[in-house]
Each structure stands twice: as C-alpha cells, then as structure tokens.
1. Could you give every pair whose Cβ atoms fall below 6 Å, whose first residue belongs to segment 545-568 and is within 20 Å of LEU505 (Cβ to Cβ) and without any contact (Cβ under 8 Å) to a residue 24 or more places away in the chain, and whose second residue is in a loop (DSSP other than H, G, I, E, B) and basic (Lys, Arg), counting only separations of at least 6 or pairs across chains?
2. Going by the conditions given, is ILE540 among the aliphatic types (A, V, I, L, M), under 24 Å from PRO314 (Cβ atoms) and surrounded by fewer than 22 Cβ atoms within 10 Å (Cβ to Cβ)?
3. If a residue must be over 22 Å from the mean Cα position of the chain (by Cα), small (Gly, Ala, Ser) and modelled with pLDDT of 95 or more, how many such residues does segment 431-453 contain?
4. Restricting the search to segment 133-148, which residues are of a type outside the set (A, V, I, L, M, F, W, C) and touching a helix residue (DSSP H, G or I) at 6+ places or on another chain (Cβ under 6 Å)?
5. Specify which of the listed residues (PHE120, PHE101) is closer than 30 Å to GLY503 by Cα and at pLDDT 90 or above.
6. Considering only residues that are under 16 Å from ASP468 (Cα atoms) and assigned to a loop (DSSP other than H, G, I, E, B), which ones fall in segment 529-559?
7. Among the residues of segment 85-99, write down those that are over 18 Å from GLY74 (Cβ atoms) and open to solvent by 20 Å² or more (accessible area, probe 1.4 Å).
Amino acid sequence: MCFGTGDRKISDIGDSVKEDIHRRIFQQEQQNKNNKNSTSSITATDVSLSDPDLAKQILVFSQSESIPTLYHDGYSKLRSWTYSSLDLYKHELLRVLYPVFIHCFMDLIAKSHLQEARAFFNTYREDHEMMHSRDLTKLEGVLSPSHLEEMEFAHTLRQSKVNIKICQYSYDLLLQYLHKTQSITMLGIINEHIDFQVSPGQPSSISDDAEAFSLVGSGQDAANLINQKEIHWGLLEDSLEDRLDKAGGLLSDSEKTEGEGKEGELDENKKKSTEGGKQGGPLKKLKKDKVVGGAGKAARGEGEKSTAAPRVKPELTLPTISTDVEHSILEDLRNRVQLNNSTLPSVSFYTFINTHNGLNCSSISHDGSLVAGGFSDSSLKVWDMAKLGRMGSSVLQGENDENTHGSNNGKRCYTLYQGHSGPVYSASFSPFGDFLLSSSSDSTIRLWSTKLNANVVCYKGHNYPVWDVQFSPLGHYFASASHDRTARIWSMDRIQPLRILAGHLSDVDCVQWHMNCNYVATGSSDKTVRLWDVQTGECIRIFIGHRSMILSLAMSPDGRYMASGDEDGSIMMWDVSNGRCVTPLVGHTSCVWSLAFSCEGSLLASGSADSTVKLWDVNTSAKAPKTEDNKSGNTNTNRLRSLKTLTTKSTPVYALRFSRRNLLFAAGALSTNV
C-alpha cells in the first residue's frame, strides 16, 4: 500500500496491510471450505497484491461484511480521531475528511445502498458546508448509480484524484492511525482518491487551507491537451485604431500645437496669478495639463503594444459602422488620455441609493452618458446623466421612487423598462449606446432600444436563469451565460442562438468577448475559465487556478492577456496564448464583481464587494513572461503591483468601464450592511 508523496513513497503501512489481507483471506478460505453455501469466496490465486490494485482488493474483501456499516463506522471513527488531534496539526488532518466523505457517499450510491447513502450524507454534510457548499448541492442530486455516470461533476470526481498538501508529521500521524485501526475501507478510499504532497517542517498556516486542496488527474491532463491548440490572439485588421494610426491622428490638433501655444499661455497666466485669490487656479490646471500631456507622450511607447499586436481576420460577418458613429469614435481616440503607473485615470462613481438590496447588476455605456440597473422586482431602469444634471439631481434612486424621490415636479428621473418576469441579473449596453441587453431568472434575454425606450426582441433558448449577457466589442453579436452550464452566442437579428458552448461542470457565471470577436471567455462555478472559438464552438483553452467561482472577466486591448476575478477576492492574470497564469493579484477581501483594462492596456481596474476600486500596474507584470516566453514552463511569481486603492464609504462596486477617452466610470449601490 503506497501513498503518493511527490517524489517519495511511504509503504510501511502497505506491507502490514498486505500481511493482514493474506491472513484474512486464508481465514476466509477455511470458512468457505466449512460452509459450501457461502456466497462470498476469495482464493489466494485470485488476488493480485500490486499497489495499483490494492484498494480494489481491500474493497472486494470487505463485501463479506455490511457495506453501509463499514463506511459509516470507518468515517465516523476517522472524523472523531481528526477532531481530537492536536490543534497544531488538526487543520491539516481535517483536509482529508472532505474527499473521504464524498467518496464514501458516492461508493454507497454506486453499490445501490441509496437510503444508507442519503442518511450518511445528511449526517455529516454540515461539517463541509462552509468550504464546499456548492459541490454538496450538486452531489445532493445524485440519487441512483446511473447518476454517477450521467452527472459530469460526479463522474469527474470519481475518475480524478485530490491533491492535498500536508506536513511530514501530520502525514505520519495519519499513517499511524490507519495502521492501528486497520480501517480497510477508509484505507482503500484514501489510497485510490488522494495524493499527498508531503513537506518537511512545520504545518502550513490555516489560512492556506483553500490552496491546499485541488483536483488533479484527468481534469488537468485534459486541460493541458486542450491548451496546446492553436489560437490567433491578435487584433482585427483594418480597425479604426489602425486607420487613425496610419493617418498620424493619435495626436489631437491641440496636442500638435501645444508646443507653440502653451508657452505663451503659461507666461500670460503667470502675470494673472500675481493678482492672487482664485486666479491661480488656471495656472495650476495648465501645469497639470502640461504634466498629463508629457506623461501621455511618454506612455505612448507602452500604449503601442496593442498596435504591435498581430492582425487577424474576423471569423464572423462584422456589422457596418455608420459614418457619424465612426467620426465620433475617431474623435474620442484622438482625445484619449494615455495612462501609465504615474498617470492614473480620473474616476466618476455613480451611486445607487434607496435600492433596499434590490439592485442585482449595473451597466455603464461606453461614454458614461447612460447608467442601467437591473432589479429583483424584474424591472430595468436607465438613467441619462445629461437629463439628470438638468433636473438638478445627482443621485440614482432605487425601487421605491416612483412618485417624488429624486424627481422633478413628480416626474421620474429614469426610464423604466418592464418585460421580464423575474429578477434581472445582467445588463449590457451596445458599443454605441443605442441598444441595451438584459438577462433574467425567467431564462430569457431581452433587447431594448434606448432611442425608442421599448423592448425590441425577446431571446429564448436557455432553460434556467441567465446570469450574464455581454455585447461583442463591435455590437450585433452577444454572448450569454446560464445556470444550465452553457454559454450561447447570439446575433441581434436571430431569435435562436448561433452556437451553444457546453463543457463547464457547473453554472457559467460570467462571459467576456475577446477584442477580435473571434473568441469568447466564460467563467464558471466549477472554478475554471474557458476560451471558446465562436466559429466552431470548440473549447481551445482551459485556465485552472482559482479556488472559488469566477465572477468577472476582462480582456486586454491587445488580446494577449485576460484577467479573472473570483468569489474569494482573488484576481489572476492569464496569458491567452498558452493558458498559463502570468501573476496573481492579491488585495481584495471580498468578491471581485468587475474588471476593466485601460484603453492602452497599461492599467487594470478591479471593483469589489469590499467597497473599493483598485488600480494595478499591468506593464510590470507582463514584461517578464514576454521576454522569457515561458520556455521554462514556470509562471511569473511576482505579484502585480497595486498602484492605488480608491475606497468608498460603504458602496460595493458592481460595474467598471473605461471610456474611449480613458475616463474610468464605476457604479455601485450604497449599502448599510458593509
């Protein structure tokens, strides 16, 4: 009997167990000779005692006893011993209980002891609710042996091993317990389904528990195989940015003449500033503008990485852009502020009040002029910032404001969209602000016209609540994520999905388009992120590393990198080209609900339930993997540098958006519970 310990194997207890099996098999043979009617006979010639088959032989032998009792008593004694262990080692030993628990349950189901399995599950479920509540909810649906094969989550658990980190002394304690008690059933489960990574020295910190437990085996092997597939991560050829760059239009007219005009303006303002008072204001602003302009020029070298990205052809038929919209976008690009680690963005924060915990989601249009909120009462509300300013109000009122709150002469300060029959979980503005998508627990997606203030189309295809919906970077196409464990690709002019993306083992919680519109990324409660080819519907990347459900995704402007945020507050930066993690981002203390890259890709903004917006320096973390090209197979261990933390009073951050001019917009609901 061997336990895997990295490069080492400890087999002392295995030899003892083999001797015990020989002895008990001999006793069983003698009993079978004396009892010809015995229904269970095992001969020595039938038994192979090689290590890979040892667990199976243990379980075969135990069939002569009451199987449910073996599992129940074995786990109960292991649990009692673990909880009575020394505090220094208890938290490491407790890691063993969860995989043993779920495999005891699934083994009982597989052997058709359904009532006993249900009683076992209900008896010990509470021990694991805090760390594994979502997994337990899925396993609760396993009601027959056939479900173990049909349910992909359960099938994966049974085919894979769990990797558990443990110190040498804790490992020795476990070996001694198993040797002393001769718990054959528990020994078989541990041998078959757990790999131990034994480390010398003291036990790891209890705060490392989330990172000490991971699934290995068939899942990781499949991911490595998929991540070898070819991907074209570059930008679309002949984009508006390319045309503007070729025309030399990255500098606005004012920037081109700033060298001539600003020296004269500076001299004139110096004279005016001698008068004192507030007259010094323009001079300060002018100096700030000059600094920003200089920094912007210096940062253009960094911003050119999106320009240097390879060009690819679109796989989808892209929509045409009207001349007026194109001119508007080009104007925004000409006036874009270049950001870097010394030039941080201005931030405009929209706060919802009086929502009474009814706000589920928020979305901000690309120019920040419109803000949408999806509510639990099935309503969708849109605020026009220009109209709100003219009405003399600066707040976004929530559910109970139909009469006078935040209104002008009793008129509502927002546009109310009604049509869903359940809570609205996601909203997404089209790139040009003329359409708005919303998704709901009623399993539908609705398209609204912000010009007509009316519902245009209702898309039906998902069978369960739709958690997220996102327009593609060029509009017309959109993607959705659902509780039915699928994501779907749609176009505005068709009521049926174009592609169904299936492969996640649990809910697909968020979705994000690649910048070239050829790929879609999905984040799931199965703790993985997948990248899909929209033309074939094939999964071409699996990103494994998160310890909890994925709540947010963002793509860098050059299409090379992707950021993902999870329920624990962790953010991971991934290299799309090879599927490897570039660096983790540590700092948030709660769910990361929103992520956004600046337009040149030098900064990443993250918004969290901990009521903060954090700005991260992307360039410093991305340089090492690019130069080394990850040939060694090692990921960059440097943490991404946090540039600034913007704290709100008590407003969890629901949404972030960088405008085309690099102004950062954020939105959230004022909470009294934070």
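The values are calculated or read from the model by the stated rules, or taken from the named source; none is laboratory data. From a predicted model like this one, the values you see are computed outputs, not experimental measurements. Glycine also receives a Cβ, built like all others from the backbone with ideal geometry; neighbour counts cover every protein chain displayed. The accessibility values were calculated without ligands, DNA or RNA, using every heavy atom of the protein model including side chains. Shrake-Rupley method; radii C 1.70, N 1.55, O 1.52, S 1.80 Å.
1. none
2. On the way: among the aliphatic types (A, V, I, L, M): yes; under 24 Å from PRO314 (Cβ atoms): yes; surrounded by fewer than 22 Cβ atoms within 10 Å (Cβ to Cβ): yes.
Judged against the criteria, ILE540 is a match.
3. 1
4. Taking segment 133-148 first, the residues of a type outside the set (A, V, I, L, M, F, W, C) are 133-135, 137-138, 140-141, 144-147.
LYS138, PRO145 - these are the residues of segment 133-148 that are of a type outside the set (A, V, I, L, M, F, W, C) and touching a helix residue (DSSP H, G or I) at 6+ places or on another chain (Cβ under 6 Å).
5. Details: PHE120 fails: closer than 30 Å to GLY503 by Cα.
None of the others qualify; the one that does is PHE101.
6. MET549
7. Narrowing segment 85-99 to residues over 18 Å from GLY74 (Cβ atoms): 86-92.
Of everything in segment 85-99, those that are over 18 Å from GLY74 (Cβ atoms) and open to solvent by 20 Å² or more (accessible area, probe 1.4 Å) turn out to be LEU86, ASP87, LEU88, TYR89, LYS90, HIS91.
Listed here are the residues, each with its yes/no results for (1) closer than 15 Å to ALA223 by Cβ; (2) of a type in the set (Asp, Glu).
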residue: ASP507; (1), (2): no, yes
residue: TRP513; (1), (2): no, no
residue: SER524; (1), (2): yes, no
residue: GLY537; (1), (2): no, no
residue: ILE540; (1), (2): yes, no
residue: ILE544; (1), (2): yes, no
residue: LEU553; (1), (2): no, no
